[in-house]
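These notes concern the structure reproduced below.
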Amino acid sequence: QVHLAESGGGLVQAGGSLLLSCASSGRTSITSGMGWFRRSPGKERYLVAAINWSGGNTYYADSVKGRFNISRDNAKSMMYLQMNSLKPEDTAVYYCAAGLTYSDLLRKEYAYWGQGTQVTVSS
């Protein structure tokens, strides 16, 4: 099993920034792909960003390209999402997710995910 715990959400004005963190524990060696998806009321899960084990491959949804940056520190079992130039439409619960492979993440095949952290962007 893999346990994921998000932190760093909150309320921010449009144009502001937030840094989300994800701490992983357990059998993290079985999950090489990690990422963030978000969910807004009445909407499907939306993959925001993903990263492979080495950090050499990353994916960003078109809506966040140039504004968000995903990174990971395997030595600390941590993953991060730096969110800049936030917009009201970024408001959602953000979930840290892990997949058995990076490709699984891109196919939205999430093996594990956390409890989520609320991000609210006011206009």
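Can you give the accessible area per residue of the chain, in Å², using a 1.4 Å probe? Don't jump to the answer; show the numbers that get you there.
Details: 6220 Å² over 123 residues.
Solvent-accessible surface per residue comes out at 51 Å².
Nearest 500 deg cm²/dmol is fine: what mean residue ellipticity at 222 nm does the chain get from its DSSP H runs of n ≥ 4 alone, each adding -39,500 (n - 2.57), divided by its residue count?
-1000 deg cm²/dmol
Relative to a virtual label point 7 Å from the Cα of SER63 in the Cα→beta-carbon direction, which members of segment 82-115 show backbone nitrogen distances below 14 Å?
86-95
At 1.4 Å probe size, put ASP73, ASP104, ASP62, ASP90 in order of accessible surface, largest to smallest.
Reading off the accessible areas and sorting them downward yields ASP62, ASP73, ASP104, ASP90.
On the full set of protein chains, 1.4 Å probe, figure out the accessible area of THR58 and give it in Å² to the nearest 10.
About 70 Å², rounded to the nearest 10.
Order 9-16, 78-85, 32-39, 46-53 from most to least packed using the mean count of other Cβ atoms within 10 Å.
Descending mean neighbour count gives 32-39, 46-53, 78-85, 9-16.
Rounded if a/c is under 1.5, else prolate if a/b is larger than b/c, else oblate: which is segment 73-123, with a ≥ b ≥ c the root eigenvalues of its Cα gyration tensor?
prolate
Taking Cα pairs under 8 Å and at least six residues apart, what relative contact order does the chain come out at, in percent?
Numbers: 309 pairs, mean separation 44.5, N = 123.
Across the chain, relative contact order equals 36 percent.
Taking the chain on its own, what percent of its Cα-Cα pair distances exceed 26 Å?
For the chain, the share of Cα pairs beyond 26 Å comes to 13 percent.
Ignoring ligands, DNA and RNA, please state the percent of accessible area on segment 1-55 from carbon and sulfur, probe 1.4 Å.
50 percent
Between ASN84 and SER29, how many nm apart are label points set 7 Å from Cα along the C-beta direction?
3.7 nm
Let's see if you can work this out: charge +1 on each Lys and Arg Cβ, -1 on each Asp and Glu Cβ, no other charges. What is the dipole magnitude of the chain about its Cα centre, in debye to the nearest 20?
40 debye
The values are calculated or read from the model by the stated rules, or taken from the named source; none is laboratory data. Here the structure is a predicted model, which means the values were calculated and not measured. Using ideal geometry, Cβ is built from the backbone for each residue, glycine included, and neighbour counts are taken over all protein chains shown. Side chains are part of the model used for accessible areas, which takes the heavy atoms of the whole protein and leaves out ligands, DNA and RNA. Shrake-Rupley method; radii C 1.70, N 1.55, O 1.52, S 1.80 Å.
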